Each structure stands twice: as structure tokens, then as C-alpha cells.
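Following: one structure in C-alpha cells, then a few remarks.
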Amino acid sequence: MATGKRKVALPLWPVEARLAALLPDLLVFRKPRGSEPELATAHGVLLGVHVTGFTALMDRFSLTCKSEHDMDKLAHIFSYYISDIIEHVLCFGGDILNITGNVLLALWTVKKNQLSDIITLVAKCSLEIQEKFGIYHTREGQDLQLKIGLSAGWISQIIIGDEQRQYLLVIGQDVDDVQLAHRLAQANEIVLSWNCWKLCEQYMFEVEIMREDEAVKLRDMRIIDPFDFDEHFDKCLRYLPHYRTSADTLRTALDLEPDSALEQTLRKHIMKTLVEKIDEGQPMEYVSEFRTVTIVLVSLEFHKTAWMLHLCHLIQEAALYISTVIEKGGGQLSRIFMFEKGCMFLCVFGLPGDKKPDECAHALESSFSIFSFCWENLAETKLVSISITNGPVFCGMVGAVARHEYTVIGPKVSLVARMIATYPGLVSCDEVTYLRSMLPAYNFKKLPEKMMKNISNPGKIYEYLGHRRCIMFGKRHLARERSKKHPLLDRKKELEAFRMAQQRCLHQNKGQVILYEGGKGYGKSQLLAEISSLAQKEGHRVLPMELKEADSKQCFYAIQTLMAIFFEIDVCPSYRRQECLHRQLHGMVEEPLHCLFNDLFFVKFPLSFKVSHMDDLARQKKIKACFIHVLQE
């Protein structure tokens, strides 16, 4: 039973062994084939172990934990609990494919005529796992329990990616079956898929047929003499060429001789952050930490008519685009995993070496770009959903010494997965992401509140609409009003710079620009509010305008907003906007050119013959010339 107290230091193995410990045997021992994506098929038995109660436990921790240590403790409880299960699977010859969230997936690859023997082996392994680790009582009162699913048959393996980064996926009906089987199972139960049941030695199993679900619930095995199973176990080992050869290690993959070609191949399957830590020689237990990140989850559902190879090329195309866009924004595509109707891409912004102050804005803009690309370019796409959360999570190693993975664990990870299911078909984000992005409010739409399983307080959820033009010309108010009770202190140098520039502007009739630069919380908004107040006291007209980074993507946004403020068309009723603009432009801009302002100010002047014969570049130049002329006047 996992206690959550023991500390296991990972050995300082050679680089090849440290890389192999992060990857399944399916990758370590594979023979490279042709160009990507690679697709191969084989017979095998799949074991899916789902830890129930973990999401609810994380939710409790998020409400009660008072320090990072508490969340770190939660991650270690989960890691050690999973560690015991992993080691048990390895002892039975299983290959741990991945540890995704609270689900562990293992594979036994064999020949078709060996499937029934291996199903017996895996069933015995599952029963022992339930017996030894089926329930774990936590001090918080939330039990961790196991639901186990088994399937058997054809397993397709695909490697997608490019020369820099590659990902292993297992796909096919039997992969869907194992996911369905552990979903059908209740806590402390084992469910076999219908195909697995048809392939096994049925007389050896005590079962309950689940007719409606076309599955079988395993109760026990009819093996009376323990020696019978020992003999069967030895027989099965002959089918598993990579089973451990000595008692010193749980995996043959960790004892491989140094091989530079193999090392380069394995590196492609490991995240950049982790490879850098390995190259620096850092022990793996020091890689784990508690940090604030932004998580992006992309879900693609495909039409059932898509055939396997075509589906692989769709996932390949999506993966290459997603990884490129995410990396430009300072994130990393962490992993890709399949589900019954499609696949998901888990991306993380803010990992060591990638931290940026505006990561939430980058995550939102990257997500909208991915959303648009997938809808417009991926045939057979039925639904695209993206969710984004920001907050503290545990980033680090989960699993056993012989087989572990780098993952992110925390309430925000659970929330991002629930949001995908609750708000499908759009780009959604939590309130923290919305606030920290510092993007204009009109780029978002508040979504209706909905119940989310095991999430007690998800907070406000928003849809991100992308950087769209809106009937709004920027803000004429300052980000902060001047406080009458708290005067500005220790800013004499900054205020003197403003006064000098003001005097030059007034006496020499030359425009002056002052730039105040500083980090968040340095008091820039407070300083601008003070300057605005001083100028107005002297009788000057002040036109404050707030600009954000996203506004740079809209042509003429700043000058358009200034004109709207000068002519006061940003505050007049929409039905009078055209009349007001026409009155202001009269005498400054000839009548046939008024229609140039239609899109910028949301008006409908008739399209003139002169403008209709201009190309886009000529229109842009003419608009710019008109703007400058009007502002000078």
C-alpha cells in the first residue's frame, strides 16, 4: 500500500537509461521505418487502470491547502500510489505506455495465438492489483480507488511529428474498448471488453455478463493450485522478449549499452524542458516543482467515416501546426492522447525556461489560431474544442523508478478537462486567464454557469472570441483615476520630464513624446493620472487613451480612436454617428472619400466611383493621408 511518506531517489543512470525510463518499451526497442507518420499494427492485450477519487481529492486540497507544500504532498501521494501499481504491472511483463492524468495504460504485445494465455496473465495481474492497491484511505477523508478495464485484439501504433519532436499514439477499436471497459467498471471492479472475453479461456474465469454494454465483469479466476499459475506465468514469459533478465532491475530497457543513434531517437519523444535537465545532469527528483502555468487542452473529434491512415495524417497535420504555434508563444506541446471519438493535445505555457509575463494572452491567441486552422483545414473534423486555465500546479515526475513520466497535476488540470466537455465547440477560458491576459473585455463573452463533475467552484468561464473589431474605439478614460486622499510621492523626476516636454510643445510648437516604462505594479497608471490632473488644472484638454498589445494587430486603431474622441462620435448614439462624422469631415475631406471611413467608424457612406477603383494598398495610403490631414486641422 502506498503511504505517501517514502522518498525514493532516482539513480544517476547513463543518459540512455534516463531517457528509456521516461518511455515505453514500444519506443525503446522499435525499429525505425520510413517517413512520418509511421503506422504499424500488432496483436496485444491492453490494461487500463483508472484512479477514481483523485479529482475530488484535488478539489478538496484546493479549498483547504494553505501552502505549496500541501499540493506537493498531494502529488507525491498520487505518485507513490501509482508507483506501486506500475511496479506490479512491470513484474507481470507489461509495458507502461503512458500515465495520463489519473489513468495508466499498459500493453502486452504478442502473437495472435498467444493472446488467450496473455489475457489470463493480465487478468491475474489485475486481480492482484485490486487486492493490494484497490483502495487507499487518505487523511482528507477522500478514498482513492481503482477501476480496471481490459481489451485484446489488433493494436495500431503510430509515430507522428518531425525531426525535432515526435509522439507515440496507440489507436484502434481495442484502444477505445479498454477506455470503455474501465469507464463501465465501478470502484474496485475489473471489466473485460467483449472481444477480450471472446478471445480468453472462458472456463478459467468467474464473470458477470453485462449484456446491454457488451462487456464482462471479472469476479475471480478458477485456479486452485498456485503452482498451476506459476507454470502458466513461465510459459507467458517466453512470449515477452523484453522481460527483465535479472532481479536488479524491473526493465531490460534500462540495461542497454550506450548507443548514440538510439539516444537521438529517444530524445525526440521527450519534452525540451526535461531534455535540458537531463543534459545538465540534474537528478530527476529535483525536476519536480510547484509553479504557476497556463494549460491549453485542444480536443479534435473526427467523423466516423475517416479511415485509419487518413486519420493519422490529420493528427500529424494538427500536431505540427499546434506545436509550431504554441512554441512561438512560449509554450510546449506536452502530449497527445487518443479518446473514443478523436484525440487531445495537452499544451503547457510557463514551464522552466519558457516563463513570460503575458503567457495568458499568448495562450489565448495561440488557441484561437489553432481553433481557426483546425476548422478550416482539417477535413473530416466534426468538432474542435479548446479550453485554457491558469494557476498553480505540480510539474514533475510521477511513477516508479523504472518507469516514470513528467506531468502536470492540480485542480487547474482537472478544470481544463471538465471545461472541454462542458463547453464544446468553442475556445473557453477560466476567469484567472481572462483577467491575467489583459486583453480587451469585448474579446470575451461570459458563458452560462454549468455543473462540472467533482469541481465544486469552477468560477466564471468565458468564451474567447479572438481579436475582433467591435463597435468601440478604445477607451477615453485612464486605467486609474487620481486619488485625492493619497497624493503621488517620490515621482518628482518623472513629473519634471513631463513639464519640460509640455513647455517645449507650447513654446516651440513641436510635438513631444515621453515614455514611462516599468514592471507591473510600478505605478505607471497612477503617474499618468497625476499628469492628466496637472494638465487639466492648467486649462489644457486631455485625451487619455488606453492601448493594449492586441490592438497593434488592427490597422489605424490608435489614430482611429483619437479621431473618434476628437469628434466625440464614440459617445454619440449609433444612429447619429454618420451624421456627426459627415459634419466634422465637411470642408476637410472631399465628399467622395467619406466612404473610406465606413469600416473604421461603422458607418455607411455610399461607395463612390473614385474609391471603388482603388486597390487595397491605394485605399490604405489614402486613409492614412486623410487621417493625418484631419488631425493636423
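Could you state the orientation-averaged shadow area of the convex hull built on the Cα atoms of the range 271-414, in nm² to one decimal?
With the hull built on Cα positions only, its mean projection is 9.2 nm².
Taking the Cα centre of the range 347-458 as the origin, how large is its charge dipole in debye, to the nearest 20, when only Lys and Arg (+1) and Asp and Glu (-1) carry charge on their Cβ atoms?
Dipole size: approximately 320 debye.
Can you give the accessible area of GLU280, probe radius 1.4 Å, in Å² rounded to 10?
120
Specify the angular offset, from 0 to 90 degrees and rounded to the nearest 10, of the alpha carbon long axis of helix 68-91 from the longest principal axis of the alpha carbons in the chain.
It works out to around 30 degrees.
Tell me, what is the percent relative contact order of the chain, built from C-alpha pairs under 8 Å that lie six or more residues apart?
Dividing the mean separation by the residue count of the chain yields 13 percent.
Can you tell me which aspartates and glutamates have their Cα less than 19 Å from the Cα of LYS621? Leave out same-chain residues fewer than eight positions away.
GLU590, GLU591, ASP599, GLU633
Largest first, what is the accessible-area ranking of MET438, MET451, MET338 with a 1.4 Å probe?
Largest accessible area first, the list is MET451, MET438, MET338.
Counting only the heavy atoms of the protein chains, how much of MET308 is accessible to a 1.4 Å probe, in Å² to the nearest 10?
Roll a 1.4 Å probe over it and MET308 shows about 70 Å².
Scan around VAL110 for amide H atoms under 5 Å from its own, H built in the peptide plane at 1.01 Å from N, and keep only partners 5 or more places away or cross-chain.
The list, which skips near neighbours in sequence, is HIS43, GLY44, VAL45.
Each residue of the range 426-435 in turn: what ³J(HN,Hα) in whole Hz from Karplus with 6.51, -1.76, 1.60 and θ = phi - 60°, glycine and Pro shown as x?
These are the phi-based 3J(HN,Hα) values: 8, 9, 10, 8, 7, 5, 5, 4, 4, 6 Hz.
Ignoring ligands, DNA and RNA, please state the percent of accessible area on the chain from carbon and sulfur, probe 1.4 Å.
52
If you count only protein heavy atoms with a 1.4 Å probe, what accessible area per residue comes out for the chain, rounded to a whole Å²?
Per-residue value: 49 Å².
Using helices alone, what [θ] at 222 nm do you get for the chain, with -39,500 (n - 2.57) per DSSP H run of 4 or more residues, divided over all residues and rounded to the nearest 500? Don't skip to the end; give the middle numbers.
On the way: 21 runs with 243 residues, N = 633.
Using -39500 (n - 2.57) per qualifying helix, the result is -12000 deg cm²/dmol.
In what sequence, largest accessible area first, do PHE29, PHE371 appear using a 1.4 Å probe?
Order by accessible area, largest first: PHE29, PHE371.
Got a sec? Charge dipole of the range 75-187, +1 on Cβ for Lys and Arg, -1 for Asp and Glu; which of LEU168, VAL103, GLY153 is way out at the positive end?
Ranked along the dipole, the leading option is GLY153.
Just to be sure I understand the model, the point goes 7 Å from the Cα along the line to the Cβ. What's the resulting ASP230 to LYS610 distance in nm?
Here the answer is 10.1 nm between the modelled labels.
Based on the Cβ-Cβ distance from THR324 to LEU256, what FRET efficiency comes out when R0 is 22 Å, to the nearest 0.05?
Between THR324 and LEU256 the formula returns 0.10.
With +1 on each Lys and Arg Cβ and -1 on each Asp and Glu Cβ, how big is the dipole of the chain about its Cα centre, in debye rounded to the nearest 20?
Dipole magnitude for the chain comes out near 3140 debye.
What span do the alpha-carbon atoms of the range 494-633 cover on each of the three principal axes, reported in whole Å from largest to smallest?
Result for the range 494-633: principal-axis Cα extents of 52, 32, 30 Å.
Show me, for the range 234-239, the HN-Hα J-couplings you get by feeding each phi into the Karplus relation (A = 6.51, B = -1.76, C = 1.60, θ = phi - 60°), rounded to Hz, glycine and proline as x.
4, 5, 5, 4, 5, 7
Please give, to one decimal in nm, the separation of the simple spin-label points placed at ARG139 and GLU276, each 7 Å out from Cα toward the Cβ.
Roughly 3.5 nm, to one decimal.
Apply the Kirkwood formula to the chain: the hydrodynamic radius equals the inverse of the mean of 1/r over all pairs of different alpha-carbon atoms; give it in Å with one decimal.
In the chain this quantity evaluates to 28.4 Å.
May I ask you to list the lysines whose Cα is less than 17 Å away from that of LYS341, ignoring any residue fewer than eight positions away on the same chain?
LYS304, LYS382
Counting other Cβ atoms within 10 Å, keep those with at most 14, restrict to DSSP loop, and tell me which chymotrypsin sites (Phe, Trp or Tyr not before Pro) in the range 253-338 are left.
Here the chymotrypsin sites (Phe, Trp or Tyr not before Pro) that fit, given the DSSP loop and packing criteria, are TRP307.
Could you put PHE567, PHE368 in order of accessible surface area, largest first, with the 1.4 Å probe and the full protein assembly present?
PHE368, PHE567
Just to check, using Stokes-Einstein with a Kirkwood Rh over alpha carbon pairs, what's the diffusion coefficient of the range 249-323 at 20 °C and 1.002 mPa s in µm²/s?
Numbers: Rh = 16.5 Å.
For the chosen part, D equals 130 µm²/s.
List the lysines whose Cα lies under 29 Å from the Cα of LYS124, skipping any in the same chain that are fewer than 8 positions away.
LYS5, LYS111, LYS112, LYS132, LYS147, LYS198, LYS217, LYS235
Report for the chain the percent antiparallel among DSSP-assigned beta bridges with both residues inside it, nearest 5.
Within the chain, antiparallel bridges account for around 95 percent of the total.
Ordered by residue, what ³J(HN,Hα) values in Hz, to whole numbers, does the range 297-303 give under the Karplus form 6.51 cos²θ - 1.76 cosθ + 1.60, where θ = phi - 60° and Gly and Pro are x?
Coupling constants for the range 297-303: 10, 9, 10, 10, 10, 10, 5 Hz.
The values are calculated or read from the model by the stated rules, or taken from the named source; none is laboratory data. Predicted model only: the values in this text are computed from it and were never measured. Neighbour counts are summed over all protein chains in view; Cβ atoms, including those assigned to glycine, are modelled from backbone coordinates with ideal geometry. Surface accessibility is based on the protein's heavy atoms, side chains included, excluding ligands, DNA and RNA. Shrake-Rupley method; radii C 1.70, N 1.55, O 1.52, S 1.80 Å.
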